[in-house]
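K.L.:
Got a structure for you, questions after.
Each value in this text was obtained by applying a stated rule to the coordinates, not by laboratory testing. Please read these numbers as outputs of a predicted model, since none were measured by experiment. All Cβ positions, even for glycine, are placed from backbone atoms using ideal geometry, and neighbour counts span all protein chains on display.
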Amino acid sequence: MGSYSLLAVIAIGLASNLDNAGVGIAYGVRKIRIPWYSNLAIAIISFLATLVSGFFGSWLSSWIHPWIGQLLGTVVIVGVGVWVLLQPFLEKKEASVQEDDMNPLTRLLRNPEEADKDSSKSISLGESVVLGIALAMNALAGGFNAGITQLNVWYTSLSVGLFSYLLLAACAGFGEKVAAEKFGNRATVISGLLLILIGIHQLF
């Protein structure tokens, strides 16, 4: 694997999981525990989402011209990056919308403590599956991009799964509410910019 491919794999793994950092900090602030097995389940879901979308992208790339594949991969990952960047503005715009009317996954990412359905201050294995699905959305775009641009799908999926586990575990213990609010906003911006830069770089 070349140095650029390795950097792209790491960047996709990191960009796909910055939401995990924000969620981990939110749980740390609220003293909600994420056991290792629940964190592992979330990482496995992200790994599988990346793998499936990566194989789909790889299959699609065998039917189209390589340059079109690069362009399509760029459009998808830049589009997701722009969508991530717009989230803070969309959240302000939707502030007046009743939470019951929101998409369940959107509501869960905005209020991660809702995953703790039984208020046990610990995320059970069952609760981690719902949270894992919500957190795996960015991984779908990263996997598709890897497959259609001929990056190694297995390495990309492992990178996404590893960063999912590490970021959630590391940030869950990260403590103060002020830090959580600041990092949450910055994580969104950094994640969106990383995805956009990855996509643009692939065209050149």
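K.L.:
Could you give the length gained on full extension between Trp63 and Val129, defined as 0.36 nm per residue of separation minus the Cα-Cα distance, in nm?
P.N.:
Working: separation 66, 0.36 × 66 = 23.76 nm, distance 3.41 nm.
Stretched out fully, the Trp63 to Val129 stretch lengthens by 20.4 nm.
K.L.:
If you don't mind, there's one more thing I want to ask. Hey, how many Å between the Cα centroid of region 119-175 and the Cα centroid of region 4-70?
P.N.:
Measuring centre to centre over Cα atoms gives 5 Å.
K.L.:
Estimate the FRET efficiency between Ala169 and Val82 by the formula 1/(1 + (r/R0)^6), using the beta-carbon distance for r and 30 Å for R0, to the nearest 0.05.
P.N.:
Rounded to the nearest 0.05, the efficiency is 0.55.
K.L.:
If packing is taken as the average count of other Cβ atoms within 10 Å, what order do 149-156, 29-36 fall into, highest mean first?
P.N.:
Ranking the peptides 149-156, 29-36 by packing returns 149-156, 29-36.
K.L.:
In a solvent-free Debye calculation with one equal scatterer on each Cα, what is log10 I(q)/I(0) for region 1-76 at q = 0.14, 0.24 Å⁻¹, listed in the order of the q values?
P.N.:
Once normalised to I(0) and log-transformed, intensities are -0.64, -1.23.
K.L.:
Along the Cα→Cβ direction, 7 angstrom out, place labels at Leu6 and Ser122. What is the inter-label distance in nm?
P.N.:
In this crude spin-label approximation the distance works out to 4.0 nm.
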